[in-house]
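The values are calculated or read from the model by the stated rules, or taken from the named source; none is laboratory data. Just so it is clear, the model here is predicted, and its values are computed rather than measured. All Cβ positions, even for glycine, are placed from backbone atoms using ideal geometry, and neighbour counts span all protein chains on display. For accessibility, only protein heavy atoms count, side chains too; no ligands or nucleic acids. Shrake-Rupley method; radii C 1.70, N 1.55, O 1.52, S 1.80 Å.
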Amino acid sequence: MDGEFHFPPDPLDITRYLLAVFLCDTQLSYNNPSMETPFMDLPSNNPFSTLNHPSFSHTYPSRLTIPSLSSPNYPTTSPLRFCANTTPPPILQDTDALLDSGPERTQNRRRVVRIAWEKLVRWSRSLRFKAKTDVLERTNKVAVLGGGSFGTAMAAHIAGRKPQLEVNMLLRDPQVCQSINDGHYNSKYFPKHKLPINVIATTDAKAALLGADFCFHAVPVQFSSSFLESIAHHVDPHLPFISLSKGLELNSLRMMSQIIPQALSNPRQPFVALSGPSFASELMNKLPTAMVVASKDKKLANAAQQLLASSYLRISTSSDVTGVEIAGALKNVLAIAAGIVEGMNLGNNSMAALVAQGCSEIRWLATKMGAKPTTITGLSGTGDIMLTCFVNLSRNRTVGVRLGSGENLDDILSSMNQVPRSIGCRRCIDCWGCNCFGSEV
């Protein structure tokens, strides 16, 4: 009837058809990987041969062409190519045997779909597992900018993932470089933790960045812009930057996702933010830790996840870069306030009220800036806030406790080996003026 919508009568035929399309688009090639136009032969009585609707009318041929693989932008030698003109995929072979059983067709309908789905899930997991190993296998060199506690911990973690991987740390202090290269110790931050032998320290930016597959940025936020501008001519425009630095730049209030592309004069510089409740000392001791990598590029976030994830470090992915960065920056201010409450002995009631109200205000501001509320209640938000506000290892909390006890801020900073993120260093104009370079966790 003209204008009538004729939908296929059998839902199982729809399932078979969708599985066929999916398998054509993703199954591993084994017959003709160089084929320019992959296709699949469909049954002559397939229910999608004619589909009429007032707003849609199209006749499907018996040979199905997959446009996504036919486009010139799709690599013809990709390992995920499939040509179905010879041997059917194993999933469809099994379903065909069950479908041809005649009277039992209706009874086996659910079982066929379940079997096909279970095999599809197992097959998908095997592909994901293979992709995880591929990222680490393809990575030959990683650069770490900054030799502070967290930069050192991350360099040691990455180096331990693959003994053949070259991890170059860019430092300012020649003595720390010598202690890392000769004795495999960071004499300033981790004098008792031996580093893997494939961690190499250097003061030469060109040597550290040349041929790197990933770059971990562990320089304090307040000095990142001037530092990156000084090494910009050594940075490959396609080199992915994974930022370990948390905070907002004073005066400009820029986040690291804004500082790095602008300082390198490359708005398309690949960027990933790494955040979450994590102390460098516990990461060095290989204690269970969970963190988040955030990037607008989903593939890049997955690659960073596969590079970092291990038996003791769980990595989640997110596309909410703003939420992850804002939560990581503002929790430092909240931690100082929590420390002041502790230092002034104002009690647990006021501590709980302060942190709860602070979380609410951070969530309100972050969502106004475009962040997702779920990000603020996740690892990079609430998780990081809990760790920073209530644990004595937190530098920002320690500063707050000492301020609440009546000490002067300059005296507190001068006595600390590492610089609190939310304050920055008052002893120099830029990162090369004192030993604060790379000291941020």
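Quick notes
- The modelled label-to-label distance between Leu365 and Ser230, using points 7 Å beyond Cα along the C-beta direction, is 3.0 nm.
- Restraint check, Lys141/Lys286; Lys162/Lys194; Lys246/Lys286; Lys162/Lys246; Lys246/Lys372, Cα-Cα greater than 24 Å: Lys162/Lys246
- Solvent-accessible area of the stretch 298-363 (1.4 angstrom probe, protein heavy atoms only): carbon and sulfur portion equals 52 percent.
- Relative contact order of the stretch 126-217, pairs being alpha-carbon contacts under 8 Å that are 6 or more residues apart, as %: 36
- Global form of the stretch 186-308, assessed from the alpha-carbon gyration tensor, a/c cut-off 1.5: rounded
- For Val144, residues with placed amide H under 5 Å, excluding near neighbours: Asn168, Met169, Leu170, Phe216
- Cα gyration tensor shape for the stretch 134-238, rounded if a/c is under 1.5, else prolate or oblate: oblate
- The solvent-accessible area of Cys177, taken with every protein chain present and a 1.4 Å probe, is close to 10 Å².
- In percent, rounded to a whole number, the relative contact order of the stretch 161-299 is 17, using alpha-carbon pairs under 8 Å and six or more apart.
- Solvent-accessible area, 1.4 Å probe, carbon plus sulfur percent, for the stretch 176-278: 53
- Solvent exposure of the stretch 290-341, expressed per residue, is 35 Å² of accessible area, with all protein chains present and a 1.4 angstrom probe.
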